[in-house]
1. Given a 1.4 Å probe and heavy atoms of the protein chains only, how would you sort GLU376, GLU750, GLU620, largest accessible area at the top?
2. Rank-order 352-363, 659-670 by packing density, defined as the average count of other C-beta atoms within 10 Å over each peptide's residues, highest first.
3. Quick one: net charge of GLN641's neighbours, Cβ under 12 Å, K/R +1, D/E -1?
4. In nanometres, what is the gap between the two model label sites at ASP645 and GLU375, each 7 Å from Cα along Cα-to-Cβ?
5. Solvent-accessible area of LYS390, probe 1.4 Å, all protein chains present, reported in Å² to the nearest ten, please.
6. To the nearest 20 debye, what is the magnitude of the charge dipole of segment 423-466 about its Cα centre, counting +1 on the Cβ of each Lys and Arg and -1 on the Cβ of each Asp and Glu?
7. What lysines sit close enough to LYS56 to cross-link, taking a C-alpha to C-alpha distance under 21 Å and skipping anything fewer than 8 places away on the same chain?
8. In whole percent, and with a 1.4 Å probe on the protein chains, what portion of the accessible area of the chain is carbon and sulfur?
Amino acid sequence: MFPRILRITFVILSCILLVACETAEERAQAHFEKGTELYEAGDIPRAIIEMRNVFKLDTGHLEARMLMAQIEEDRDNERAAYGQYLAAVEIAPDHFPAQYAAARLAGASGDWEAAERHLTAATGLAPDADTDPVLRAVGLGVAYQAARRDGDLALGLDVSREAADLLDIDPSLMIARQIVINDSLLRQDWDRALADIDAAIVEAPDDRFFYDLRLALLGQVNRTDEIEAQLRSMIDRFEDDPSLHQTLVQWYVTQERIDDAEAHLRTRIDTSEDPDEARLMLIDFIIQARGADPALAEIDRILADIASDNAKRGLYRAARASLVFEQGDRESGIAEMQLIIDTAAPSDETRRIKLALANMFERTGSPVGARTLVEEVLQEDPTNVDALMKKAAWLIEGDQPDEALVELRRALDQAPRNPELFSLMARAQERAGSRDLMGEMLAMAVEVSNSAPAESLRYADFLVQDDRPLVAESILVGALRLRPGDLSLLDGLGTIYVRLEDWARAQDVIRALERDGSSQATTIANALTVRLLAGQNRQEELRALLGELTALPETGNQAMVATIRLFLADDDVAGAFAFLEERLAETPDDPDLRFIFAGLYAVDAQPVEAREILRSLLEEFPTNERVWLSLYNLSRRQFDQDQADEVLTEALAVLPESTTLNWVLASERERQGDIPGAIEIYEELYARNTNSPVIANNLASLISSFQEDEESLRRAYAIARRLRGTEVPQFQDTYGWIVARLGNHGEALEYLEPAAAALSGDPVVQFHLARTYDLAGEGSSALEAYRTTLALIEASARALPFRDEVLLAITRLETEEGSSSN
């Protein structure tokens, strides 16, 4: 027996030694070769597994990166493919196929900065690369974008003609085709644009983008007789997309064809694979178009036709309960939903009802009940997308972004093209401090939503914050191609042009808004015009426009405030008073106008008059937060802290739940040295809104600066992770100090040094820098920073608990410096 055991042990050890002798690179190569065989045999899932095994062993395996990129392209996942090509380019910058593919995909996605970079690299690697049709198309795309940016219409036309010539050689070049279409749209040559789009559809009959673009263009040129036919053809081709039915219904509504909209929805009940979903869509439509009572009657008719033992009855009873809830009878709505759940067997329908009830609980202030229901759904169906998203949202709010991402990835496996999922993943990545990944998720949300306005604006805002306004512009322009008249997109695009001081294009947006003619479009156009005139310093025109806007009820008060600012900028206080007095004579009881008057008195150092107006306003409007804050700030400006404290106490007695007033109270407690009291208030504010970066920063800053235990530090880090990569000095200080306390001194100094430079008068920030230098062993830098901190402490009225620590540190470091010099 014993010799046999020895032999077995010897065999096992021999195998282990053989594996150990095989290098990681050799094992990676074996996985690659196996993956290649599987790919060529058409076994894509197993090929992907092999590629992932390669990357675990050798992230720099060039051939594996290229094969994985090809696999992703085969799966129509161009963004993932582009990521693999970028990895390949990093591994081997001189690899022509990788640069070629990266240029092609960057151009296809509209990232022209990256496209130009990869194009330059590719053409530098192959002497005849500039004759390649694909690279020529990318080059034309880069040139066309530059022509548009510079406003060179002639050059744009030349580039478009070259692209058309290239299409004669290869009609499948979609980048070239996009140039031709874009130029037709830019020049408002609608017939040519339609012809170009139709040609694109012939080449790419399954590319939804061109159908949406054609639909948008038909709306732009008001060919209403063709829009219905276009939508119906899209419904036939993309039959798996229920949103197209909703689009057709919405179009009917805009044409005041309510009966046709309802008829379409009723017809869909008979043709849909899921008639219950179609009926629920009909009910939603009736609620919006005809009201609650007709919807209740429709539900009752449906229930009358369904047998009492039919499991589907629960869906319609739930729809009825939801409507009752929304009509204000919340108790009855919740009670009916609970009864449905209690008497029904688990099913997809009951899980859907549980989630609806969870939303009701959440809206009525019962989060525990909501979470219990969501967990019940996930116990029955761990892959339920809506439940996973709900749970992930709660985890994000609870500063558990990593756990949220686990849930969202599970949901993504079930719904890979759900834009709401990618938006939630972006929020989770933001909370985790992974700003690059946040951007990727926002970009994916735009892609899978087919450039929907909300997703496009969210990504554009991210890009602007990231100082990439030109890329943001391209995102909004792409979205506007599909929805030419969308006011939110026009507003966002105009704002970007004003930021870029691209006055010509800003004026184009304003003209488009003026053509719309609606009151909302006019308001947006006026706001952009005010910013445009101010940016160009066209004061007389600005003053004249503001004079016109003061007469309009929707813009009057804002225009008055802007006009007063102009007077004050010219040091014409008397003119400001005269202007206001003239307006007040017309409407002497206008509370907004009186409030503006109080502000002007305060600016003109007439606090008694200002206080009198504010007090009279509070007698009429005691719950007006804005007036209370103005009265508080007026006392602070007069250096009457006792009076300011009295005002704040009065205000909180009237508005105890006010976020802003509690924020002010927390700041006061911090200033007075009551750090536990300030933390307590910020904890309450943070529990109400964990998405506020400022509240998160203030809470994390106080916890990390004034609480020493490990648990508090970990909590501060969980709250402050979202601040990673920030360039806001206050946020840099918070994140840097927390990281320093966690022992990452090098990373901490990357944040604390710029924060201390920007906030040179703040002793707390200077102390954080000094202490971090000290912990990092940089004695001379620490001593200098401690001395700066001490000087600021002595000059400050704040009660700061680390003064003695600073004195001891200075003494210690001076002694060490003296010893080393001897």
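The values are calculated or read from the model by the stated rules, or taken from the named source; none is laboratory data. The shown structure was predicted, so the numbers you read here are calculated from the model rather than taken from an experiment. In this analysis, Cβ positions are derived from the backbone assuming ideal geometry, glycine residues included, and neighbour counts consider all displayed protein chains. Calculation scope for accessible area: heavy atoms of the full protein, side chains included, ligands and nucleic acids excluded. Shrake-Rupley method; radii C 1.70, N 1.55, O 1.52, S 1.80 Å.
1. On the way: GLU376 65, GLU750 130, GLU620 100 Å².
My answer, sorted largest first, is GLU750, GLU620, GLU376.
2. 352-363, 659-670
3. -2
4. About 4.5 nm separates the two model spin labels.
5. Roughly 50 Å² of LYS390 is accessible to a 1.4 Å probe.
6. 160 debye
7. Cα-Cα hits under 21 Å: LYS34.
8. Working: 20640 of 41040 Å².
Carbon and sulfur together cover 50 percent of it.
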